[in-house]
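First the structure, in the form of structure tokens, and then the observations on it.
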Amino acid sequence: MVVGIAGYYGYKNAGDEAILSAIIQELRRRRLTPLVLSANPGLTRAAFKAQTTHRLNPFGLLVAFRRMDTLLLGGGGLLQDRTSRRSLWYYLQIFRWARRLGAKPIVFNQSLGPLSPEGERAVARTIGEHMIIVRDRRSLEYAQSLGLRARLGADPALLLPPPPVGREPGLVVVVPRYGVPTKPLVVASYRLLKLGYDVLVLAMQPGADEETFEAFTGLPKEASGDPRRVHYLLASASYVVSARLHGLILAANAGTPYLGINYDPKVLGFLEETKAPVLPTNPDPGEIVDFITADATPDWQAVAQLKARARQSFDWVFQPSPTPANGP
């Protein structure tokens with residue numbers, strides 16, 4: 001059975017590549033064949049030893065859709081039009097093409113929104129009669145408000161095996177994001193150094209996040225789009241401060257305490273569900289330091305429940321169960 005996977009893949013974004021890695025892992029456990037729509041098929045093929053086609057090649061997509069039995073649209077935050085209406089149009093069109101060419105399309109472990117009124121209508125019209133699995137409760141409530149019957153899963157990256165690495169006492173990994181204020185993170189980092197902590201600044205999307213490095217003068221920095229390397233660094237930290245969702249998710253996966261910068265509903269949704277510290281987009285640096293020195297931790301039982309939901313989402317798709325359509 002060939003399973004297509006469509007998302008923001010092949011762009012060297014460690015978070016999305018972590019999602020893809022987990023989906024491929026779970027498909028192979030079920031002896032299913034992944035076929036990835038990628039912006040860089042050669043890179044994806046080399047990294048995951050998977051079949052690929054270019055996400056913008058019409059002929060390649062035509063052949064791929066005819067080979068697929070199922071198309072997983074996701075995970076990630078694909079169904080939103082705040083960053084780009086063109087992006088939303090692309091993913092909805094992929095969904096339509098797959099359906100017309102015989103592949104069963106499924107919205108898989110996505111966050112839903114933000115959407116304009118026009119975007120809401122387009123999403124409801126396109127995906128309304130199909131299986132929808134969202135990764136957080138906020139998205140579930142939003143889907144229900146649009147009249148969509150959705151199930152509650154979780155981010156697949158939570159299913160990756162944690163790296164076998166020991167935690168480094170006093171190491172704080174700071175994950176900035178382009179478009180999110182950097183100054184509070186810089187000030188907090190210097191204060192942590194004065195308190196005896198070590199700080200590593202980690203960019204999770206090379207080519208996009210490095211410009212934030214310039215503000216972190218004198219601090220060690222690393223940029224990597226490899227989810228294995230990022231996972232390793234987050235697992236070795238004693239605390240993670242992240243303005244990227246998958247900085248939080250991979251820290252949670254590894255059992256590393258974390259706090260998040262709330263720049264997007266998907267980040268707030270994850271922090272709320274795991275009862276982790278939530279800071280505004282432009283936080284007080286002192287709050288960041290206070291949470292770290294107090295060793296504030298998420299609810300690890302809630303993290304375990306998210307992992308169980310992520311695993312169950314694969315069973316819903318490939319081993320249908322009588323679980324009610326609305327709710328977990």
Requested in this report: Determine which lysines satisfy two conditions relative to LYS194: a Cα distance under 20 Å, and not lying fewer than 8 residues away in the same chain.
Outcome: LYS183, LYS221
Query raised in the report: What's the local net charge at GLU17, with K and R +1, D and E -1, over the other residues with C-beta under 10 Å away?
Result: 0
Query raised in the report: Given the convex hull over the Cα atoms of the stretch 115-159, what projected area results after averaging over all orientations, in nm²?
Result: 3.4 nm²
Query - Relative contact order for the chain, counting Cα pairs under 8 Å that sit 6 or more residues apart, in percent - result: 16 percent
**Report entry** Column: log10 I(q)/I(0), Debye, Cα scatterers of the chain, q = 0.12, 0.16 Å⁻¹
**Finding:** -0.80, -1.37
Report summary line: Rh_Kirkwood(the stretch 167-228) over Cα pairs, Å, one decimal, evaluates to 12.0 Å
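Can you compute the charge dipole magnitude of the stretch 1-107 about its Cα centre, using +1 on each Lys and Arg Cβ and -1 on each Asp and Glu Cβ, nothing else charged? Give it in debye, rounded to the nearest 20.
260 debye
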Query raised in the report: Scattering from the C-alpha atoms of the stretch 211-251 alone, worked out with Debye: what is log10 I(q)/I(0) at q = 0.20, 0.27 1/Å?
Result: -0.68, -1.11
Report summary line: the stretch 184-328: Kirkwood hydrodynamic radius (Cα pairs, Å) comes out at 16.4 Å
Report summary line: For MET204 the rounded accessible area (nearest 10 Å², probe 1.4 Å, non-protein molecules ignored) is 0 Å²
Query raised in the report: Ignoring ligands, DNA and RNA, how do PHE48, PHE65 rank by accessible area with a 1.4 Å probe, largest first?
Result: PHE48, PHE65
Query raised in the report: Excluding ligands and nucleic acids, what accessible area in Å² is computed for VAL199 using a 1.4 Å probe, to the nearest 10?
Result: 10 Å²
Query raised in the report: When the solvent-accessible surface of protein heavy atoms is calculated with a 1.4 angstrom probe, in what order do SER87, SER145, SER111 fall, highest first?
Result: SER145, SER87, SER111
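With +1 on the Cβ of every Lys and Arg and -1 on the Cβ of every Asp and Glu, and nothing else charged, how large is the dipole of the chain about its Cα centre, in debye rounded to the nearest 20?
1480 debye
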Report task. Note down the accessible area of TRP300, probe 1.4 Å, to the nearest 10 Å². Result -> 90 Å²
Query - Debye equation applied to the C-alpha atoms of the stretch 94-225, log10 I(q)/I(0) at 0.11, 0.12 Å⁻¹ - result: -0.65, -0.73
Query - Residues of the chain: accessible area per residue with a 1.4 Å probe, Å² - result: 41 Å²
Query raised in the report: Expressed as a whole percent, how much of the Cα-Cα distance distribution for the stretch 2-65 exceeds 18 Å?
Result: 26 percent
Query - Qualifying lysines (Cα of each under 23 Å from Cα of LYS307; at least 8 residues distant if same chain) - result: LYS266, LYS275
Query raised in the report: Using only helices, what value at 222 nm comes out for the chain when you add -39,500 (n - 2.57) per DSSP H run of length 4 or more and divide by the total residues, to the nearest 500 deg cm²/dmol?
Result: -13000 deg cm²/dmol
Query - By accessible area with a 1.4 Å probe, ligands and nucleic acids excluded, highest first: order of THR33, THR217 - result: THR217, THR33
Query raised in the report: Kirkwood Rh over Cα pairs of the stretch 1-152 into Stokes-Einstein at 37 °C, 0.692 mPa s: D in µm²/s?
Result: 214 µm²/s
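The values are calculated or read from the model by the stated rules, or taken from the named source; none is laboratory data. Fair warning: this is a prediction, and the values are worked out from it, not measured in the lab. No Cβ is skipped: glycine too gets one built from the backbone with ideal geometry, and neighbour counts run over all protein chains shown. Note: areas computed on protein heavy atoms with side chains; ligands, DNA, RNA excluded. Shrake-Rupley method; radii C 1.70, N 1.55, O 1.52, S 1.80 Å.
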